[in-house]
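The structure under discussion appears below in the form of structure tokens.
The values are calculated or read from the model by the stated rules, or taken from the named source; none is laboratory data. Computed from a predicted model, the values in this text were never measured in an experiment. Every residue, glycine among them, receives a Cβ derived from its backbone with ideal geometry; neighbour counts consider all protein chains shown. All accessible areas refer to the heavy atoms of the entire protein, side chains included, with ligands and DNA or RNA removed. Shrake-Rupley method; radii C 1.70, N 1.55, O 1.52, S 1.80 Å.
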Amino acid sequence: MLHALKASNITLTDLDKSFEKLISSDGLSLKIDSADKPIQDAWLQDHDDFIKIFNEKNFSNYYIKLVDSAFNINQGILVDIMNAQDILRPIVSELSPISQNNLPYALSDIKNQFVKDYIKLRNNDSEKQIIANKKNGGYFVNQTPKVEADKILDNIISKHAGKVILVDFWATWCGPCLNGIAEIRPLKEEMKDSNVIFVYITDESSPLATYQNLVPTIKGQHYRLKSDEWRYLADKFKITGIPHQVLINKEGKVVNPALGFMDNRQIKKLLEEHL
């Protein structure tokens with residue numbers, strides 16, 4: 001991977017050079033002891049964006065080779081469009097633009113200039129959208145309560161005593177979650193003056209940067225839990241997939257542990273029954 005970093009003409013930092021010393025002569029393994037682990041952790045964090053692109057490119061190239069062997073498509077506009085779809089998905093749906101340093105590497109397999117320019121345009125649009133979204137109001141990022149896992153939900157509920165609470169378990173990478181959040185947006189606006197609170201809970205599988213970019217587009221109270229805290233609530237509510245919604249009444253009691261699929265009219269009716 002460091003070889004790919006060098007090949008992309010990105011200037012190596014002192015951290016990169018320190019990490020390079022840990023790589024074995026064959027380039028296939030790392031020589032790391034406990035004293036070197038901070039260097040590895042810092043390097044992985046610093047290049048998280050590049051690593052994702054590297055892995056995505058390898059997967060896409062493997063997939064394209066399979067398609068090529070079956071249909072003999074070769075390198076051309078069709079392959080460029082397939083690659084562009086993979087690149088654009090997180091940029092657009094997850095509001096995760098690629099940094100300007102890493103953008104040339106992400107586009108290196110694409111030959112068609114129009115496709116390259118289109119990706120750059122959408123990437124710039126996402127960067128501008130993130131800046132604009134952070135000026136929005138109505139969203140609140142809360143620190144996870146410093147209590148035992150079995151007390152977290154009670155602690156969250158206590159902050160909104162006397163209100164009907166709709167809890168949505170979601171993740172930044174979950175397409176159906178994002179679709180559901182978009183669909184309920186008009187209902188939230190319609191009920192903004194009612195005694196209803198919308199709480200959104202995710203975990204560390206939602207990358208922090210992506211989470212921070214998306215949250216300003218989702219009005220409500222937000223919590224990002226540790227994995228063990230999420231697992232406790234997942235077990236409590238028998239969550240086998242997301243999105244998963246839980247309804248809590250004004251007395252702080254769970255009245256519906258799994259709403260299932262409902263349209264806005266049905267959700268509104270259910271919320272009003274508990275107001």
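With the cut-off at 21 Å, tell me which of the pairs LYS188/LYS236; LYS151/LYS192; LYS159/LYS192; LYS52/LYS120; LYS192/LYS268; LYS57/LYS111 have Cα atoms farther apart than that. Each step should come with its number before you reach the end.
Working: LYS188/LYS236 26 Å; LYS151/LYS192 28 Å; LYS159/LYS192 18 Å; LYS52/LYS120 18 Å; LYS192/LYS268 12 Å; LYS57/LYS111 14 Å.
The pairs that break the limit, which is 21 Å between Cα atoms, are LYS188/LYS236; LYS151/LYS192.
Which FRET efficiency, nearest 0.05, do LYS192 and ASP48 yield, Cβ-Cβ r, R0 45 Å?
Working: r = 36 Å, r/R0 = 0.80.
Taking R0 as 45 Å, the efficiency between LYS192 and ASP48 is 0.80.
Report, largest value first, the span of the C-alpha coordinates of the chain along each principal axis, in whole Å.
Over the chain, Cα extents along the principal axes are 63, 48, 39 Å.
Taking every pair of alpha-carbon atoms in region 136-272, what share in percent sits in each 5 Å bin, from 0 to the bin with the longest distance?
Distribution as computed: 2, 9, 22, 25, 23, 14, 4, 0 percent.
Putting +1 on Lys and Arg Cβ atoms and -1 on Asp and Glu Cβ atoms, find which of GLY180, TRP170, LEU103 reaches farthest to the positive end of the dipole of region 99-230.
The listed residue farthest towards the positive side: LEU103.
Among ALA161, ILE119, VAL147, whose Cα lies farthest out toward the positive end of the dipole of region 77-187, if unit charges sit on the beta carbon of Lys, Arg (+1) and Asp, Glu (-1)?
Going by the charge dipole, the pick is ALA161.
Tell me the Kirkwood hydrodynamic radius of region 32-132 in angstroms, computed as one over the mean inverse distance between distinct C-alpha pairs. Don't skip to the answer; put the middle values down first.
Working: mean 1/r = 0.0665 Å⁻¹.
One decimal place: 15.0 Å for the Kirkwood radius.
Against the longest alpha carbon principal axis of the chain, how many degrees, from 0 to 90 and to the nearest 10, is the axis of helix 227-236 turned?
That helix lies at roughly 40 degrees to the long axis.
For the chain, find the longest principal axis of its Cα atoms and tell me its angle to the long axis of helix 37-46, 0 to 90°, nearest 10.
Helix 37-46 and the main axis of the chain meet at about 80 degrees.
Return the calculated 222 nm mean residue ellipticity for the chain, to the nearest 500 deg cm²/dmol, obtained by summing -39500 (n - 2.57) across DSSP H runs with n ≥ 4 and dividing by the residue count. Please report the intermediate quantities before stating the final value.
Numbers: 12 runs with 139 residues, N = 275.
Here the helix-only value at 222 nm equals -15500 deg cm²/dmol.
With everything on Cα atoms, drop me the angle between helix 48-71 and the longest principal axis of the chain, reported from 0 to 90° to the nearest 10.
70 degrees
Can you tell me the length gained on complete extension of the stretch ASN58 to PHE261, counting 0.36 nm per residue apart and subtracting the Cα distance? Please report the intermediate quantities before stating the final value.
Values: separation 203, 0.36 × 203 = 73.08 nm, distance 3.63 nm.
That pair, ASN58 and PHE261, stretches by 69.4 nm at full extension.
Rolling a 1.4 Å sphere over the protein heavy atoms, what is the accessible area per residue of region 94-236, to the nearest Å²? The partial results should precede the final answer.
On the way: 7280 Å² over 143 residues.
About 51 Å² of surface per residue is accessible.
Using the per-residue mean of other Cβ atoms lying within 10 Å as a proxy for protection, in what order, highest first, do the peptides 12-18, 165-171, 92-98, 113-119 fall? Please list the in-between numbers first.
Values: 12-18: 12.3, 165-171: 23.0, 92-98: 20.1, 113-119: 14.9.
Ranking the peptides 12-18, 165-171, 92-98, 113-119 by packing returns 165-171, 92-98, 113-119, 12-18.
Place a label point 7 angstrom from the Cα of GLN85 along the Cα-to-Cβ direction, then list the residues of region 36-60 whose backbone nitrogen is under 16 Å away.
Only 57, 59-60 fall inside the zone, counting backbone N under 16 Å.
If you stretched the chain out fully between VAL147 and ILE39, how much longer would it get, using 0.36 nm times the residue separation minus the C-alpha to C-alpha distance? Spell out each step's value before the answer.
Details: separation 108, 0.36 × 108 = 38.88 nm, distance 3.16 nm.
Gain on stretching VAL147 to ILE39: 35.7 nm.
Place a +1 charge on the Cβ of each Lys and Arg in the chain and a -1 charge on the Cβ of each Asp and Glu, then give the dipole magnitude about the Cα centre in debye, rounded to the nearest 20.
Numbers: 34 positive and 36 negative charges, 134 e Å.
For the chain, the charge dipole is close to 640 debye.
Separation between the ASN155 and GLN113 pseudo-spin-labels, each 7 Å from Cα along Cα→Cβ, expressed in nm?
5.7 nm
Loop only by DSSP, 13 or fewer other Cβ within 10 Å of the Cβ. Give me the GluC sites (Glu not before Pro) in region 120-184 that pass, ordered by residue number.
Values: sites: GLU127, GLU148, GLU183; in loops: GLU148.
Here the GluC sites (Glu not before Pro) that fit, given the DSSP loop and packing criteria, are GLU148.
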